[in-house]
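Enquirer: Here it is: the structure, laid out below.
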Amino acid sequence: MTANKQRIVVKVGTSTLTHDSGALDLWSMEHLVRTLSDLHGAGNEVILVTSGAIAVGTAKLGLAERPKELRMKQAAAAVGQCRMMHIYDKLFSEYNRSVAQILLTGDDVDDPDRAEHLSGTFSALLEMGVIPIVNENDSVSSAEIETGRHKVLGDNDTLSAIVAKLCRADLLVLLSDIDGLYDADPKTHPEAKLLHQVRQLTPEILEMAGGAGSWRGTGGMATKLSAARIAMSAGCDMVITNGKRTEDLYGIAQGADIGTRFLANHA
């Protein structure tokens, strides 16, 4: 596709979608939906990978804190997913956009036959002008909630990269609570510089995520670099940027130096 018409996967994290209370940040959601609808209207194909089901379900159920027991977390996710899709559908409908829900487990992308059917579903939806909204199926999968159970998924950064690979996307954007990849921790090193382009995941780049010891964790920069490896090898650029400025998606789609762009391997 040309630079003016791309297949774009956008992943939005819980910190962007919710307030500290766990309730949905409707202002952020509305701005995200408006921007994605506008990008879609400009001729791009858009896929949204969303987090937040457990946090939203916890708030919806009136629980004092996020559940600790796995089955209760999965129940909260089921409630939260319903709530989130209702609001996404309502907001996208205001801009005359149709959406579809796709919930995935590791088995869905790990098994070649299921992955092929999944790819076909995405293709059909995009051909019809529908915006797929994707999340890990936390109600039946414990990969993200209880890490180590399954090696394929385990966080929505990885999930979004796998979706981008399945859909042969041109661009993957991770909306996070950070501006991108710095050469040092900006919280402890005020002089840290933001890296605008990464062409190769060198040992030095990987070390910026905290070293090999942190690769087993969920969230944080380590999982984002893991996602970058998947996307880059699939011929898809990946950008890490701050989710509080969803309007930056316009510039990112045009190749502007916003956040950190990991350049695809077009070998």
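Enquirer: Give the lysines whose C-alpha is closer than 28 Å to that of LYS60, dropping any in the same chain fewer than 8 places away, or say none.
Expert: Reachable lysines: LYS11, LYS68, LYS73, LYS90, LYS244.
Enquirer: Here are some values of volume of the Cα convex hull per residue in Å³: (1) 152; (2) 128; (3) 118. Which one was computed from this structure?
Expert: Read-out from the structure maps to (2).
Enquirer: What ranking do PHE262, PHE122 get, fewest neighbouring Cβ atoms within 10 angstrom at the top?
Expert: So the ranking, lowest neighbour count to highest, is PHE122, PHE262.
Enquirer: Shifting gears a bit: Given the rule -39500 (n - 2.57) for each run of at least 4 DSSP H residues, summed and divided by the residues of the chain, what is its mean residue ellipticity at 222 nm, to the nearest 500 deg cm²/dmol?
Expert: About -12500 deg cm²/dmol.
Enquirer: Quote the charge dipole size of the chain about the Cα centre in Debye, to the nearest 20; the model charges only the Cβ of Lys and Arg (+1) and of Asp and Glu (-1).
Expert: 140 debye
Laboratory data are not the source of any read-out in this text; all were calculated from the coordinates shown. For clarity, every value in this text was computed on a predicted model and none was experimentally measured. Please note: Cβ atoms are built from the backbone with ideal geometry, for glycine as well, and neighbour counts cover all protein chains shown.
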